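These notes concern the structure reproduced below.
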Amino acid sequence: MTDSSHPEKDRDIYSYSKGKGKAKDIYSSTKKPSSAAEKGSQKSRKASPSSRYKTQEETLPIDCYNYVEAPGNQASRSERNHPFRRNDRDDLDNHKKPRRRHHHLFRRILGILLVFLIIIGVILTMLYSQMDRSGNTDQSKYVAQPTNAPTYSVMSDPFVTNILLLGLDKLNAGAQRSDSIMLLSIDHHHHTIKLTSFLRDLYLAVPENGMDKLNAAYAYGGAALTMQTIENNFRIKIDKYIAVDMDGLADIITDLGGIDVTMDQDLVDQLNHDQGTSYPAGNLHLTGADAVYYARIRKVGTDFGRTTRQREVIQKLLKKVFSPSGITKLPDILKKLRTNIPAIELTGITFLSSPAVFYSTKTFYVPLDGSWKDATVDVGMVLVPDLTQNCLAVRKFIYETDSTS
């Protein structure tokens, strides 16, 4: 008798074979042999030694409703439905492993590079700390608006670094004047190094000292007053400087192996007369005091030609300093320099300006041709500039803008 309350289950459990009317048990895994051949094969299986050890799968009946795979052979439904998915996942894992190895290699290289840069930074900071940082560096008390200067705001740019370069000349009683005044501008916007010479005889308003020559500002208030005098009159931001006296400059040129210049007969005659040398005209290799004198000759040409030679010497020195042999001379060179830039800040400027070794170089001088006039005043012969015209010109050269704000 079947349970009439479960007709569907009855249909699933018993199926009638065609034409025989016999019920077939689909739940039992035991099957009676239907022929003599099958009986024989069953006896042979019982006789074989391996058949004594049957797996759990072979001995247990199959439950169609609660079928569970044996432990270790279980797979997710999605994997059973997609037999190649597991192999695909293994392939993906195999592809990922080389990427992980490359990623680890990149991190190691980056770490080594970072350690190397830190070591270089520490060494540079130690070297820069040997520079002389004495003297007046407070510019705040010299801020002023000259009556004859334009009233533009002081222009600056975070991507342009201005450093005033001063060549100092000794006077009586240990006083000094700035014989060479040059602004080094590292322009990262336009990938250019710019050198602007300010003639020493420019007649300007010097804070707390009235009208005077620009080179007198150093004698009155050191580098701070010199920087602020230029900033007040030409409306460009200058708050960093590097200075060297002429004896120190001669030593630096000698340490770097000298410079190559071209001199005409007039310059050579003056150099030979004053220095006691016997150079011929043409291409010459100068070291020490002779190279410094070449940059400072006053009796040949004008002060404009003199500043041109000064810019030439500085350009050649910069190339020498950043050469492999010049870098090894840095410890001796830095001891001869004076600055107001903290050692750690100078290290940062060095790292940020390292691409500047590939920059092009431009030069400029103030005052512009036709924008000044000669005059003789109580302090001697001076150049009286048109400050508005020269202010606009120098701002355009350094920042490459016509802004008057």
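Could you derive backbone 3J(HN,Hα) for the stretch 213-226 from the dihedral phi with the Karplus parameters 6.51, -1.76 and 1.60 (θ = phi - 60°), listing whole Hz in sequence and x where the residue is Gly or Pro?
5, 4, 6, 6, 4, 5, 5, 7, x, x, 5, 4, 5, 5
Once amide H atoms are built 1.01 Å from N in the peptide plane, which residues 5 or more positions from Y241, or in another chain, come under 5 Å H to H?
Long-range HN contacts for Y241: L164, N340, I341.
If the chain between S353 and D269 were fully stretched, how many nm would it gain, using 0.36 nm times the residue separation less the Cα-Cα distance? Please list the in-between numbers first.
Details: separation 84, 0.36 × 84 = 30.24 nm, distance 4.03 nm.
Roughly 26.2 nm would be gained on extension.
May I ask what percent, to the nearest 5, of DSSP beta bridges between residues of the stretch 167-266 are antiparallel? Could the numbers behind the result be given before it?
On the way: 14 of 16 bridges.
Counting only bridges with both partners in the stretch 167-266, antiparallel ones make up about 90 percent.
Holding the Cα-Cα limit at 22 Å, pick out from K141/K213; K170/K336; K141/K194; K170/K299; K194/K319 the pairs that are longer than that.
K141/K194
When Rg is the radius of gyration of the Cα atoms in the stretch 173-252 and Rh is its Kirkwood radius, what does Rg/Rh come to? Numbers along the way, then the final one.
Working: Rg = 13.5 Å, Rh = 13.6 Å.
Here Rg/Rh amounts to 0.99.
Where Lys and Arg each count +1 and Asp and Glu each count -1, what net charge lies around L284 among other residues with Cβ under 12 Å from its Cβ? Please list the in-between numbers first.
Details: positive: none; negative: D260, D264, D290.
Once positives and negatives cancel, what remains is -3.
Every number in this text was worked out from the coordinates using simple rules, so none of it is lab data. Computed from a predicted model, the values in this text were never measured in an experiment. As a convention, Cβ positions derive from the backbone with ideal geometry for all residues, glycine included, and neighbour counts pool all protein chains shown.
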